[in-house]
Amino acid sequence: MSENLLRIQNALREEKLPGDAVLITSLVNRRFATGFASSAGMVVIAKEKSWFLTDFRYAEAARNALSGTSLLILQRGQKYSTLISDILQAENIKSLGFEDQEMTVAEHAALSSELSSLLPGGLLPIGSRLSHLRASKLPFELKYMRKAQKIAEKAFEQLLSVIAAGMTEKQLETELMYRLLLNGAEGLSFDPIVVSGPNSALPHGRAGDRVLQAGDFVTMDFGVTYRGYCSDMTRTVAIGYATDEMRKVYNTVLKAQEIGLEKAKAGILWSDVDMAARNYIAAEGYGEYFGHGLGHGLGLLVHESLDFDPDRPGITPVNGVVSVEPGIYLPGKFGVRIEDCVILQADGNENLTSSPKELIIIGK
C-alpha cells in the first residue's frame, strides 16, 4: 500500500481530514495517494480501506500497480457515482471529503445531487488540508526529486558547450529539451523558458527566432519529472562579455538569493524569507524590477502552494521543497534570474541544486 495513502488514512483517523472518507478526483492527488498515474479515475479512501475506480483502459495497468487498494472497473455507460454509492452504503459512510480546489462547480453540483441522500454529514472540503499533507515530503519523494534535479543539472552542464552566438533561442531550447530527455527525464515539468538579450527581461518569456549575440544575457528556466516528481532550476549566462551594469545586476540577484537561502528553513514564515531577499534588491536600487514572489512549493506539480498549513498560514513545513529564485528585469535591456530548490529542515535546508552560480561567460 502507498505510504501516502496511509498518511491520508491516518489523517482521517486523527480527524485532521474531515469526513468518514475522502474522494480523490484530480490526477495529481490520485498519483499522490496511490502512486499510479492515469488520466481517468477516482479514489475513495476510508479510515481502513481504499478503492480505485477507473475504466477499462487502465484496468490491467492498475491491477499491476496497486497494492492494498481494491480495484473497481467502470462498465460502459456506468457513472462513477454508482460505484461511489455502492461503497458509501456498504461501508456506512455518512460524510465524504472532496477536493474543493480541484472540482468544478458543475462537478460538485452533480456529485451532490447524486449522493446527497446517502451523505447526511455532507460533502466536506479537504483541498487545503490535502495540500498540506503533500507539502511535507516522504523520503522516497525526496529521492525522486533529487534524481530529477540531477538529470536537469547534467543536461545544463552539457548545454554549456553548445550555447553560442549565432544560434536562435528556439534552437537553444531544442538542444536543452533533447538533453533533458536524453539524460533520463520522464518528461518536462514545464515548457522551458529560454530568452536572450532584451527578451530576458520577460520573466516568463518564450523562446523565439531571436539570434543570440555577444553582450547578451541568456536566461534558461527548466525542469524535468522523474516518477512524477518535479525539478526546477534557472541559470543566466552571458555571451561573449558582460558590461559593468550586467555584472552589477547579476551579483545583486546572486546576493539576494544567498540571503534567501541562508534564511530558508522549516517552521518560519515564508514571507519573512521573501522580504529578506526583496529588501536587499530594493536597497541596491532595483526594487521595482523584482515583481514576482521569491519562490514556490514543488513536488508532483512544479508550482505548488506556499499556504502550507491551514492552521498555521504561511509556516514552512519540515521536508517541504521550495524554490528560491529572485530576479531583476530591466525592460528593453536584460533580465537576470537565478533559481535553486531546497528541502526545508528545522535547522536550515538542503540545496538540491549544485550547478555553479558564478557568472559564466560563453565564448570569452
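No lab work stands behind these numbers, since they all come straight from the coordinates. Predicted, not measured: the structure shown is a model, and the values here were computed from it. Here Cβ is always computed from backbone atoms with ideal geometry, including for glycine, and neighbour counts include all displayed protein chains.
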Output ordering of 291-300, 69-78 (per-residue mean of other Cβ within 10 Å, highest first) is 291-300, 69-78
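Relative to the present Cα-Cα distance, how much length would full extension add between Asn279 and Asn92 at 0.36 nm per residue of separation? Could you put the intermediate results ahead of the total?
Details: separation 187, 0.36 × 187 = 67.32 nm, distance 5.54 nm.
Working it through step by step, the gained length comes to 61.8 nm.
Say R0 is 35 Å: what FRET efficiency, to the nearest 0.05, do Glu48 and Asp347 get from their beta-carbon distance? Don't skip to the answer; put the middle values down first.
Working: r = 37 Å, r/R0 = 1.06.
Efficiency for this residue pair is about 0.40.
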Expressed to two decimals, the range 242-335 has a Cα Rg over Rh, using the Kirkwood radius, of 1.02
Take the alpha-carbon centre of the range 219-255, take the same for the range 6-25, and report the distance between them in whole Å.
40 Å
Considering amide H positions built from the backbone, and no H for Pro or chain starts, which residues 5 or more places from Leu124, or on another chain, come under 5 Å of its amide H?
Leu96, Gly97, Phe98
Cβ charges +1 (Lys, Arg) and -1 (Asp, Glu), total dipole of the chain, debye
640 debye
For a quick check: with amide H placed at 1.01 Å from N, whose amide H comes under 5 Å from Lys47's, ignoring anything fewer than 5 positions away on the same chain?
none
Around Arg210, which amide H atoms from residues at least 5 apart in sequence, or from another chain, sit under 5 Å from its own amide H, with H modelled in the peptide plane?
Glu169, Lys170
Between (i) 2.16; (ii) 1.12; (iii) 1.04, the structure-derived Cα Rg over 2.2 N^0.38 Å is (ii)
Give the residue from Ile151, Ile338, Ile328 lying farthest towards the positive end of the charge dipole for the range 136-362; charges sit on Cβ (+1 for Lys and Arg, -1 for Asp and Glu) and the dipole is referred to the Cα centre.
Ile151
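Mind ranking 161-170, 335-344, 196-205 by how tightly packed they are, going by the mean number of other C-beta atoms within 10 angstrom, highest first? If you can, show how the numbers build up before the last one.
Details: 161-170: 15.2, 335-344: 24.0, 196-205: 19.4.
Packing proxy ranking, top to bottom: 335-344, 196-205, 161-170.
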Through the Karplus equation 6.51 cos²θ - 1.76 cosθ + 1.60, θ set to phi - 60°, convert the phi angles of the range 77-90 into ³J(HN,Hα) values in whole Hz; use x for Gly and Pro.
x, 8, 9, 4, 4, 5, 5, 5, 4, 4, 5, 4, 6, 5
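Relative contact order (percent) for the chain, with alpha-carbon contacts under 8 angstrom and 6 or more residues of separation? Kindly include the intermediate steps, with their values, before the conclusion.
Working: 769 pairs, mean separation 53.2, N = 364.
In percent, rounded to a whole number, it is 15.
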